[in-house]
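Notes follow once the structure below has been shown.
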Amino acid sequence: MDYPELLEEIFHVARAFVGKGKVADYIPALARVPAEKFGIAISLLDGREYVMGDADESFSIQSVSKVFSLALALHHLGDQVWHRVGIEPSGNPFNSLVQLEYENGIPRNPFINAGALVVTDWLLGSSADPTTELLDWLRAATGNPHIGIDREVADSEWEHRHRNAALTHFMASCGNIRSNVDRVLRTYFEHCAIAMSCRDLARAGLVLAGHGKSPRLEERFLTRSQAKEINALMLTCGTYDAAGDFAFRVGLPGKSGVGGGILAVIPNLMSIAVWSPALDSHGNSMAGVEALERFTTLTGISVF
Ligand code: GLN
């Protein structure tokens with residue numbers, strides 16, 4: 001496979017979609033990011049790495065962090081995580097409130113906001129400092145000691161927290177949040193505000209391509225089954241109410257964020273990260289989805 005040539009072609013095709021859609025504007029710190037950015041990085045389990053465009057520029061990973069928070073929760077707590085959060089697609093927007101009341105405060109899955117808030121609550125009960133622990137793992141798994149929190153984004157999320165606060169308070173009223181609600185929200189926002197590049201994300205994603213073992217780390221982080229579970233949830237729930245469309249077009253486990261990043265996994269082979277801030281109506285990067293679709297179509301590699 002001539003990966004550099006492949007990335008050139010993808011870059012060329014995806015460029016037509018760069019800037020189409022809308023940059024997230026629910027907080028000013030994200031609304032300012034230029035829509036024309038586009039980066040792609042692929043990281044193979046054998047150590048090879050190929051990048052193109054703005055692949056070394058850090059951006060707010062937003063909901064892509066839900067993958068890493070869940071991984072840390074499973075690492076600490078194992079299967080009991082599933083007692084308080086489901087494993088089914090929601091078919092609703094990522095910040096929807098309606099389903100939660102019908103379903104007694106148990107979120108459909110860990111990749112919608114409500115689910116990630118429960119995962120964060122689990123983390124607060126199992127780790128003295130989940131944010132530092134998450135950052136330490138990401139730094140070690142990527143070899144980049146500079147990965148950190150964008151404080152401006154985290155503060156801005158806190159200032160505009162009404163919807164996420166409503167979700168958390170409602171779940172607390174159902175007994176599905178155990179820590180202090182504000183602490184859960186602050187920690188959740190810190191995770192959303194982690195700043196990483198496509199290169200970093202692709203490296204971090206290798207833990208899922210490698211069945212729970214990161215190539216840069218001695219110690220296995222997840223069991224093989226846990227890595228399978230996360231990949232399966234990324235495929236079925238990782239792009240919210242567009243998960244069916246994403247699976248149909250791309251055919252890979254993928255997790256998006258409203259910062260415009262998407263992390264995709266090809267088990268046994270590689271992890272791919274794309275970034276372009278303009279989003280479709282579901283909150284997924286338009287050029288990013290296009291690039292991933294092109295990747296699997298041109299290579300013929302997907303999980304199917
Ligand atoms: N910080 C965003 C929120 O909580 C994350 C959502 C996303 O990336 N889909 O609304």
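The values are calculated or read from the model by the stated rules, or taken from the named source; none is laboratory data. Note that this is a predicted model, so its numbers are computed, not measured. Reconstructed Cβ throughout: ideal geometry from the backbone, glycine too, with neighbour counts over all protein chains shown. What goes into the accessible areas is simple: the full protein's heavy atoms, side chains included, and nothing from ligands, DNA or RNA. Shrake-Rupley method; radii C 1.70, N 1.55, O 1.52, S 1.80 Å.
Brief remarks follow.
- Failed condition for Val64, given (1) within 19 Å of Ala195 (Cβ to Cβ); (2) modelled with pLDDT under 95: (2)
- Residue ranges of helices (runs of 4 or more DSSP H) in region 65-151 with at least 1 members of a type in the set (Val, Ile, Thr) and closer than 20 Å to Gly238 by Cα: 65-77, 98-102, 113-126
- Matching residues, region 183-195, being within 15 Å of the ligand (Cβ to nearest atom) and either of a type in the set (Ser, Thr, Tyr) or surrounded by fewer than 16 Cβ atoms within 10 Å (Cβ to Cβ) (or both): Thr187, Tyr188
- Being touching a residue at least 40 places away in the same chain (Cβ under 8 Å), open to solvent by less than 30 Å² (accessible area, probe 1.4 Å) and polar (S, T, N, Q) holds for only one residue in Ser58, Ser65, and it is Ser65.
- In region 23-36, the residues that are part of a loop (DSSP other than H, G, I, E, B) and open to solvent by less than 20 Å² (accessible area, probe 1.4 Å) reach residues that are within 13 Å of the ligand (Cβ to nearest atom) and charged (D, E, K, R) with C-beta atoms within less than 8 angstrom, at least six apart or across chains, in these pairs: Ile27/Glu157; Ile27/Glu159.
- Restricting region 163-182 to residues that are away from the ligand (no atom under 16 Å from the Cβ) and in a helix (DSSP H, G or I) leaves a set whose member that is surrounded by the most Cβ atoms within 10 Å (Cβ to Cβ) is Ala172.
- Of the criteria (1) assigned to a helix (DSSP H, G or I); (2) at positive phi, which one Val13 fails: (2)
- Residue that is nearest to the chain's Cα centre (by Cα), among those in region 138-161 that are farther than 23 Å from Val33 by Cα and surrounded by fewer than 21 Cβ atoms within 10 Å (Cβ to Cβ): Arg139
- Condition met for Leu208 (farther than 24 Å from Gly105 by Cα, under 13 Å from the mean Cα position of the chain (by Cα) and away from the ligand (no atom under 15 Å from the Cβ)): yes
- Single residue of Ile106, Ile147, Ile87 found to be in contact with a strand residue (DSSP E or B) (Cβ under 6 Å, 6 or more places away or on another chain) and away from the ligand (no atom under 16 Å from the Cβ): Ile147
- Some residue of region 154-166 being among the acidic types (Asp, Glu), out of contact with any Asp or Glu (no Cβ under 6 Å at 6 or more places or on another chain) and farther than 29 Å from Ser43 by Cβ: yes
- Selection within region 126-179 - over 16 Å from Ile61 (Cβ atoms), in contact (Cβ under 8 Å) with a residue 40 or more places away in the chain and of a type in the set (Ser, Thr, Tyr): Ser126, Ser127, Thr168, Ser173, Ser179
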